[in-house]
Amino acid sequence: MIYQSVNGPIEFKKVKQERFQAVINSLKDIRDIQEAHKSATGKFAPNFNALVKFVENGNYYIIQQRDSSYMEYDKDFGIDLQRDVKIVDTLNIIPVKDSLFKNDDRYKTLKYVPFSKDGKAEFDMKTATIEKGGKKVSVFKASVKKDVVLYDQPKDLRDRENALNSVEEINYDEIIVGDLNDVSTSGNWPPIYDRKTKK
């Protein structure tokens, strides 16, 4: 019992960090696709099917904008007047799939939470439109309860994890990216999870 009381939390921490890292990597992928979707369409995708479709069919347009002018005869004044125009050139078209995922098709299963029971639990993703500075702005949030990821761990350790409030931990009972009440695509995890590399 003494061994368990000392070793249990140590093992729990290892399991927790490995699982949380996988979940955060998925949330970062979701955020990357959502940001690409917003830059292409002006708003975030409402569901995972729309995200997958966007990755498979969407494109980034690399454009160049320049000012130009030309002379045009004006009937009212009876003379040539200068007209100023903006010219937009498309320099390149890059498929979203190539840009974000190269030869990887993990985007097809992004809705599923890593390490969840049977691998069938899904991230909760919502979008909304809020008013910010007099403008309507698209926002999104993707999240999962910690209990979904740690379902097979001891309840007392999960309860302690869900009550955490520290700068070095993921606070409270959810892992989140984005915000439905503010213009943010940040995650609620500490920087340690950003330093680790994907396996």
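For the stretch 85-119, what are the residues that are over 16 Å from residue 149 (Cβ atoms), in contact with a strand residue (DSSP E or B) (Cβ under 8 Å, 6 or more places away or on another chain) and either surrounded by 15 or more Cβ atoms within 10 Å (Cβ to Cβ) or small (Gly, Ala, Ser) (or both)?
Once the filter is applied, which keeps residues that are over 16 Å from residue 149 (Cβ atoms), in contact with a strand residue (DSSP E or B) (Cβ under 8 Å, 6 or more places away or on another chain) and either surrounded by 15 or more Cβ atoms within 10 Å (Cβ to Cβ) or small (Gly, Ala, Ser) (or both), the stretch 85-119 yields 96, 99.
Which of the residues spanning the stretch 150-178 are at pLDDT 95 or above and within 19 Å of the chain's Cα centre (by Cα)?
Result: 174, 175, 176, 177, 178.
Matching residues to (1) at pLDDT 85 or above; (2) in contact with a strand residue (DSSP E or B) (Cβ under 6 Å, 6 or more places away or on another chain):
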site	(1), (2)
47	yes, no
55	yes, no
59	no, yes
64	no, yes
79	yes, no
82	yes, yes
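Which ones in the stretch 114-136 are touching a helix residue (DSSP H, G or I) at 6+ places or on another chain (Cβ under 6 Å) and either part of a strand (DSSP E or B) or touching a residue at least 60 places away in the same chain (Cβ under 8 Å) (or both)?
So the first thing to find is which residues in the stretch 114-136 are touching a helix residue (DSSP H, G or I) at 6+ places or on another chain (Cβ under 6 Å), and the list is 114-116, 121.
Result: 114, 115.
Mind checking which residues of the stretch 93-113 are closer than 15 Å to residue 36 by Cβ and part of a strand (DSSP E or B)?
93, 94, 95
Could you grab me the full set of residues in the stretch 177-193 that are without any contact (Cβ under 8 Å) to a residue 60 or more places away in the chain, within 18 Å of residue 18 (Cα to Cα) and not polar (S, T, N, Q)? Break it down stepwise before answering.
Pass one, the stretch 177-193, residues without any contact (Cβ under 8 Å) to a residue 60 or more places away in the chain: 179-184, 186, 188, 190-192.
Filter once more, so that each one left must be within 18 Å of residue 18 (Cα to Cα): 188, 190-192.
Answer for the stretch 177-193, where residues must be without any contact (Cβ under 8 Å) to a residue 60 or more places away in the chain, within 18 Å of residue 18 (Cα to Cα) and not polar (S, T, N, Q): 190, 191, 192.
Write out, first by first residue and then by second, each pair whose Cβ atoms fall under 9 Å of each other, whose residues are 6+ apart or on separate chains, and whose first residue, in the stretch 22-38, is in a helix (DSSP H, G or I) and buried (at least 20 other Cβ atoms within 10 Å of the Cβ) while the second is of a type in the set (Asp, Glu) and modelled with pLDDT under 95.
That search, which allows pairs on different chains as well, returns 24/194.
Could you tell me whether any residue of the stretch 152-168 is open to solvent by less than 30 Å² (accessible area, probe 1.4 Å) and among the hydroxyl-bearing types (Ser, Thr, Tyr)?
no
(1) open to solvent by 80 Å² or more (accessible area, probe 1.4 Å); (2) over 30 Å from residue 67 (Cβ atoms): which one isn't true of residue 133, the others all being true?
Going through the list (1) open to solvent by 80 Å² or more (accessible area, probe 1.4 Å); (2) over 30 Å from residue 67 (Cβ atoms), residue 133 breaks only (2).
Would a scan of the stretch 46-66 turn up a residue that is assigned to a loop (DSSP other than H, G, I, E, B) and farther than 30 Å from residue 137 by Cβ? Show your work before the answer.
Keep residues of the stretch 46-66 that are assigned to a loop (DSSP other than H, G, I, E, B), which gives 46-47, 58.
Add one more test, that the residue is farther than 30 Å from residue 137 by Cβ, and what stays is none.
No, because not a single residue in the stretch 46-66 is assigned to a loop (DSSP other than H, G, I, E, B) and farther than 30 Å from residue 137 by Cβ.
The values are calculated or read from the model by the stated rules, or taken from the named source; none is laboratory data. Values in this document were obtained by computation on a predicted structure and should not be read as measured data. Positions of Cβ are backbone-derived with ideal geometry, glycine not excepted, and every protein chain shown enters the neighbour counts. Note: accessible area is taken over every heavy atom of the protein model, side chains too, but ligands, DNA and RNA are not part of it. Shrake-Rupley method; radii C 1.70, N 1.55, O 1.52, S 1.80 Å.
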